Amino acid sequence: MNETGAAVLGADGRARCPWGAGPADYTEYHDSEWGVPLHGERELFERITLESFQSGLSWLTILRKRAAFRRAFADFEPAKVAAFDDGDRERLLADAEIVRNRAKIDAAIRNAGAVLELDQPLDELLWSFAPQRRRQRPRTLAEVPATTPESTAMAKELKRRGFVFVGPTTCYALMQATGMVDDHLATCWRAADRA
């Protein structure tokens, strides 16, 4: 990553957000997923879960374990995950292919139950916090916020509805990952592609 936090030119001649110009896993994720609008209960539950597991870790760690997470967590079908019992918890804690953190595993199971208790679709709830207007694109990583009033409000509402491990920073990362906000740097090729 460069010291200025500005876009980095890749070997393919495309300028990318600095974090997306690193390992191939990051580049693929940056180019094809991050910032692209995502909808669907299972899809958004997966992202909430993975963002929660990422807390305190590198996103690359989670990204490289995503296929294992999908296997371990029943492809993130909320009804299946909500039904996990003590045997499933022990299975997950013994699974070296995922992040083995009891609090985060318990949070995923609890959050699946919270999804089932919602009085509106998860998709509708989460997207209701998307900003109405796009702010000016950041020029450097230093201009990308860690939280916003919208992510703080989302976290507060999710917690009110029984979700855990969903603070304002995790919610903002979720908003970035699912295209509720688009923080590709102004000079990143993805910004020009989505102008």
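In segment 127-168, the qualifying residues are those that are part of a loop (DSSP other than H, G, I, E, B) and among the small types (Gly, Ala, Ser), and the one that is farthest from ALA6 (Cα to Cα) is GLY162.
Among the candidates ASP86, ASP75, the residue that is open to solvent by 60 Å² or more (accessible area, probe 1.4 Å) and either hydroxyl-bearing (Ser, Thr, Tyr) or within 14 Å of ARG47 (Cα to Cα) (or both) is uniquely ASP75.
Pull up segment 172-195, narrow it to residues that are in a helix (DSSP H, G or I) and in contact (Cβ under 8 Å) with a residue 60 or more places away in the chain, then point me to the one that is nearest to LEU38 (Cα to Cα). In this case the residue turns out to be ALA177.
Looking across segment 36-59, the residues that are surrounded by fewer than 17 Cβ atoms within 10 Å (Cβ to Cβ) and at pLDDT below 95 come down to GLY56, LEU57, SER58. For beta carbons closer than 7 Å, sequence separation of 6+ or different chains, a first residue in segment 103-121 that is under 18 Å from LEU50 (Cα atoms) and a second that is assigned to a helix (DSSP H, G or I) and of a type in the set (Phe, Trp, Tyr), the qualifying pairs are LYS104/PHE53; ALA112/PHE45; VAL115/PHE45.
Scan segment 125-182 for residues that are open to solvent by less than 40 Å² (accessible area, probe 1.4 Å), under 29 Å from ALA15 (Cα atoms) and aliphatic (A, V, I, L, M) and the total you get is 8.
The values are calculated or read from the model by the stated rules, or taken from the named source; none is laboratory data. This structure is a prediction, so every number in the text was calculated from the model and none was measured. Neighbour counts are summed over all protein chains in view; Cβ atoms, including those assigned to glycine, are modelled from backbone coordinates with ideal geometry. Just the protein is used for accessible areas: all its heavy atoms, side chains included, with ligands, DNA and RNA removed. Shrake-Rupley method; radii C 1.70, N 1.55, O 1.52, S 1.80 Å.
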